[in-house]
Amino acid sequence: MRTIGFLLQKEFRQILRNRTIRGMIFIMPIIQLIVIPMAADYEVKNINLAIVDHDHSPYTKKLILKIAASGYFKLNKYSSSFKEAFTQIETDKADLILEIPHGFEKNLIRENEQNLFIAINAINGVKASMGGAYIGNIIRSFNNEIRLEFIQPQKIAEVPAVEVVSSNWFNAEMNYHVFMVPGILAILVTMVGGFLSALNIVKEKEAGTIEQINVTPIRKHHFIIGKLIPFWVLGNIIFTIGLLIAWLIYGIVPQGNLAVLYTCTSVYLLAILGFGLLISTFCDTQQQAMLIMFFFMMIFILMGGLYTTIESMPNWAQTVARFNPASYLIEIVRMVILKGSGFKDVMPHIIKLSLFAIILNGWAIYNYKKTS
């Protein structure tokens, strides 16, 4: 223990006297946690809409006003021909074209039906599908309003009706920040812990101080533990700062027990720090370690369930996600903060993270070559 104590003093002094590392640890996560959730939003708004109105009737004006009042569309162009409106899509000034045919109101009244033509720019698949769904719902709502106008109240017979009342649990206001902030917090802990630990041993190699350590009677596991504990402590500090920012900026208060959160985060940090130290034992330069860690970090983020749910991925991607430790922390943090889950609910994830920690740290100790 005395040997580890001396190593910890050395590591903490090296970390705290380095301005760049201090900025990465404390300033970068704060800025990212404030900025990223405000920009990362799945809700599609400000869809540019071009309208081709051949009818110019009161019904078409009512439909256009209803679309504009929805808040999802911006009326970018009011054209007299489809060819003119299509140039708006070709120049990326419009995302969607709504063409209203001649006789729109007359056919609705006389024949009880009328077709509308919608052309969607599908380069951005998400925006196209959401924009098409939005305008489809608006048109259906408009159609229901017209049908009610045609029905004579005295002839309406009472028929059985089923009323559906929905209740939103865990995120009653369906605020996207409430969903994203816990996941981004988990990724920030991953990035800081993973990158800093991956650079740690390599930095000693480049500076030449690793040779001085190798000629001492320090054992390999003492050396790895001395490298791991400081970043484990700092990782928990970053997580605490993130929870405070989530509360102060977004008003997010964990519904579950903080002991569950910190237990899971502590076990996860052992796993991700072990992974970073393992990479560091394989590399000879900081550039090599950064490139390798960046490769794995992209997998952790994009295949961890932060933006896309793992259940919606292909089967092979779901298999890869099972070997992604970040996916377990993202799910745990969301479960505890939003649902109030306890130890019993997250215990399977804790066991898996513990296995990651044992395997990765054991591999790092085994792979570290203590040669003079």
Item to complete: Kindly indicate whether any position in segment 326-346 is touching a Lys or Arg at 6+ places or on another chain (Cβ under 8 Å), hydroxyl-bearing (Ser, Thr, Tyr) and outside any loop (DSSP other than H, G, I, E, B).
Response: yes
Practice prompt. Give the residues of segment 208-262 that are at pLDDT below 90 and either of a type in the set (Ser, Thr, Tyr) or outside the structural domain of Lys10 (by the TED database) (or both), sorted by residue number.
Written response: Thr209, Thr216, Tyr250
Practice prompt. Would you check which residues across segment 177-211 are assigned to a helix (DSSP H, G or I) and of a type in the set (Gly, Ala, Ser) and list them?
Written response: Gly183, Ala186, Gly193, Gly194, Ser197, Ala198, Ala207
Worksheet entry | Selection from segment 116-129 of residues that are closer than 16 Å to Lys74 by Cα, modelled with pLDDT of 85 or more and of a type in the set (A, V, I, L, M, F, W, C) | Ile118, Ala119, Ile120
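Okay, residues lined up against (1) in a helix (DSSP H, G or I); (2) touching a Lys or Arg at 6+ places or on another chain (Cβ under 7 Å); (3) crowded, with 22+ Cβ neighbours inside 10 Å:
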{"position": "Ile213", "(1), (2), (3)": "yes, no, no"}
{"position": "Gly242", "(1), (2), (3)": "yes, no, yes"}
{"position": "Val253", "(1), (2), (3)": "no, no, no"}
{"position": "Ser266", "(1), (2), (3)": "yes, no, no"}
{"position": "Ala271", "(1), (2), (3)": "yes, no, yes"}
{"position": "Leu277", "(1), (2), (3)": "yes, yes, yes"}
Worksheet item: Pick from Ile358, Ile332: which is open to solvent by less than 90 Å² (accessible area, probe 1.4 Å) and of a type in the set (A, V, I, L, M, F, W, C)?
Response: Ile332
Worksheet item: Taking segment 301-357, which residues are modelled with pLDDT under 90 and of a type in the set (Asp, Glu)?
Response: Glu311
Discussion item. Given the criterion under 22 Å from the mean Cα position of the chain (by Cα) and part of a helix (DSSP H, G or I), identify the matching residue among Ile301, Ile351, Ile358.
Written reply: Ile301
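Touching a Cys at 6+ places or on another chain (Cβ under 9 Å), among the β-branched types (Val, Ile, Thr) and either open to solvent by 10 Å² or more (accessible area, probe 1.4 Å) or assigned by the TED database to the domain that holds Gly5 (or both), is that true of Val202?
Working: touching a Cys at 6+ places or on another chain (Cβ under 9 Å): yes; among the β-branched types (Val, Ile, Thr): yes; either open to solvent by 10 Å² or more (accessible area, probe 1.4 Å) or assigned by the TED database to the domain that holds Gly5 (or both): yes.
It is true that Val202 is touching a Cys at 6+ places or on another chain (Cβ under 9 Å), among the β-branched types (Val, Ile, Thr) and either open to solvent by 10 Å² or more (accessible area, probe 1.4 Å) or assigned by the TED database to the domain that holds Gly5 (or both).
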Fill in: Spans of helices (runs of 4 or more DSSP H) in segment 26-139 with at least 1 residues charged (D, E, K, R), outside the structural domain of Leu188 (by the TED database) and in contact with a Phe, Trp or Tyr (Cβ under 7 Å, 6 or more places away or on another chain)
58-69, 104-111
Worksheet item: Do we have Glu111 as loosely packed, with under 13 Cβ neighbours inside 10 Å, of a type outside the set (Gly, Ala, Ser) and more than 35 Å from the chain's Cα centre (by Cα) here?
Response: yes
Worksheet, complete the sentence: Here the residues within segment 148-173 that are at pLDDT 75 or above and farther than 15 Å from Ile337 by Cα are Val165, Ser166, Ser167, Asn168, Glu173
Practice prompt. Kindly list, by first and then second residue, each pair from a residue in segment 61-86 that is of a type in the set (Lys, Arg) to a residue that is in a loop (DSSP other than H, G, I, E, B) and open to solvent by less than 80 Å² (accessible area, probe 1.4 Å), limited to pairs with Cβ atoms under 8 Å and residues at least 6 apart or on different chains.
Written response: Lys77/Ala94
Worksheet, complete the sentence: Expected single match for over 17 Å from the mean Cα position of the chain (by Cα), in contact (Cβ under 8 Å) with a residue 24 or more places away in the chain and surrounded by 17 or more Cβ atoms within 10 Å (Cβ to Cβ) among Ser341, Ser327 is Ser341
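The values are calculated or read from the model by the stated rules, or taken from the named source; none is laboratory data. Predicted model, so just to flag it, every value in this text is computed and none were measured. A quick note on method: Cβ atoms are made from the backbone with ideal geometry, for glycine too, and the neighbour counts reach across all protein chains shown. Ligands, DNA and RNA are excluded from the accessible area calculation, which covers all protein heavy atoms including side chains. Shrake-Rupley method; radii C 1.70, N 1.55, O 1.52, S 1.80 Å.
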